[in-house]
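The values are calculated or read from the model by the stated rules, or taken from the named source; none is laboratory data. A quick note: this is a predicted structure, and the numbers were derived from the prediction, not measured. Reconstructed Cβ throughout: ideal geometry from the backbone, glycine too, with neighbour counts over all protein chains shown.
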Amino acid sequence: MDGTQVWHVRDGELLGDRPDSWVYVWRLPDAADPRANVLYVGTTGMPPALRSWLHLHSKDKELGRLAKRFPKIAVEAADIYAFPVPQALERMEVKHALVHALADAGLLAPEYVGPPLEGTAHASEAVASYVLEVVAALE
């Protein structure tokens, strides 16, 4: 059947390439400042729709962290932009570099509840180039 995927687990680990790698950005389209509307930045190795659902509905405080940190998400609109992360790049480096770039561009909302400005502000050339593309897509 078209679209079928088969993943093999051996010794408790998936074999082969990682199935997904994404960076995603939650934006508040009705923010007071239409430019500074990024609420959250995350990365995931699962489909972004699943990760977003978990952010909203999981009882686990880490998986459901967005709803826990920003309870108004139950009544406020949000748009989620997901970008595939190339396999050669490390998701965590991408996330930290993107948070820094969004902050530098003035795109973080006053209500921002994502990861703090930590980690590397000086990403590798490949990550910096990718992050510039993501920021450009969001502007």
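Structure notes:
- Yes/no for Trp22 being of a type in the set (Phe, Trp, Tyr) and exposed (fewer than 15 other Cβ atoms within 10 Å of the Cβ): no
- When residues of segment 2-21 are limited to those that are in a loop (DSSP other than H, G, I, E, B) and of a type in the set (Val, Ile, Thr), the one modelled with the highest pLDDT: Val6
- Residue identified as outside any loop (DSSP other than H, G, I, E, B) and either modelled with pLDDT of 95 or more or more than 12 Å from Val41 (Cα to Cα) (or both) among Ala123, Ala77, Ala136, Ala88: Ala136
- All of Ala123, Ala137, Ala128, Ala101 fail the test of being closer than 24 Å to Phe70 by Cα and either aliphatic (A, V, I, L, M) or touching a His at 6+ places or on another chain (Cβ under 6 Å) (or both), apart from Ala101.
- Cβ separations smaller than 9 Å between residues 6+ apart or across chains give the following pairs from segment 96-109 residues that are without any contact (Cβ under 8 Å) to a residue 40 or more places away in the chain to residues that are part of a loop (DSSP other than H, G, I, E, B) and of a type in the set (S, T, N, Q): His96/Thr120; Ala97/Thr120; Ala97/Ser124; His100/Thr120.
- Residue within segment 47-54 that is buried (at least 19 other Cβ atoms within 10 Å of the Cβ) and of a type in the set (Phe, Trp, Tyr) present: no
- Condition check for Gly114: surrounded by fewer than 12 Cβ atoms within 10 Å (Cβ to Cβ) and either touching a residue at least 60 places away in the same chain (Cβ under 8 Å) or touching a Ser or Thr at 6+ places or on another chain (Cβ under 9 Å) (or both): no
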